[in-house]
């Protein structure tokens, strides 16, 4: 192959490489009106206010492209433009779910939100039986304060990838919304949002079970070490007390090794021993 073709091949290789790299790059798309509450990331399907009350996704078509989310959980970024309540985050293990029964709750719910940004972590999708490469649909369902009896819906299409292939979004998740309740007269703004994350079932996930087992094992080990230390301390004090009983009188070992010797006999014995140290 001649060298004249090298620049073209190099350029083609560069284009292919950049397109493959960009496949896992997450972009932020700004939407002027994602509804009273809507997705910022992952990007939502097209929004139509007149059909937003139609389940499951406001009759919006599947997105042409899907955002990538790590299988073990990423961040969900929402924007509320007014007070909303009874918020649920659901998912469907389907590329294009057609019925609300296709969805199940991710174990994430909020009583209500004031206007502002809300960012919180998604759970580990393996706990819901999902695997790498699954193309699923996320859904937020909520009601507005002035029409709490009617639910509104919005969906986002994602693909689950490994954390190794994941590239974090080029923006920072912020929390400027606040949780509110019916008794709040004037909720405080610009406070970090508190999000209730509950288990989606009564089962404990493998990761949680592992942590629980580790904590129990450490607690048992610490208790055993504490008992051993306490027992050793008692034995040490007992032996020390036995030795102190002889501190008031002569050493019984010395009396046994030199029986029936007077003070003069002991002095003579010591002197004779010293005299024998010289050369004979």
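The values are calculated or read from the model by the stated rules, or taken from the named source; none is laboratory data. This is a predicted model, so every value here is computed, not measured. In this analysis, Cβ positions are derived from the backbone assuming ideal geometry, glycine residues included, and neighbour counts consider all displayed protein chains.
Could we say that residue 177 is farther than 15 Å from residue 44 by Cβ and in a strand (DSSP E or B) here?
Spelling it out, it is not the case that residue 177 is farther than 15 Å from residue 44 by Cβ and in a strand (DSSP E or B).
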Q. (1) touching a helix residue (DSSP H, G or I) at 6+ places or on another chain (Cβ under 7 Å); (2) surrounded by fewer than 17 Cβ atoms within 10 Å (Cβ to Cβ); (3) on the phi > 0 side of the Ramachandran plot; (4) in contact (Cβ under 8 Å) with a residue 12 or more places away in the chain: which one isn't true of residue 59, the others all being true?
A. (4)
Q. Only one of (1) more than 26 Å from residue 174 (Cα to Cα); (2) modelled with pLDDT of 95 or more; (3) in a strand (DSSP E or B) fails for residue 138. Which number is that?
A. (1)
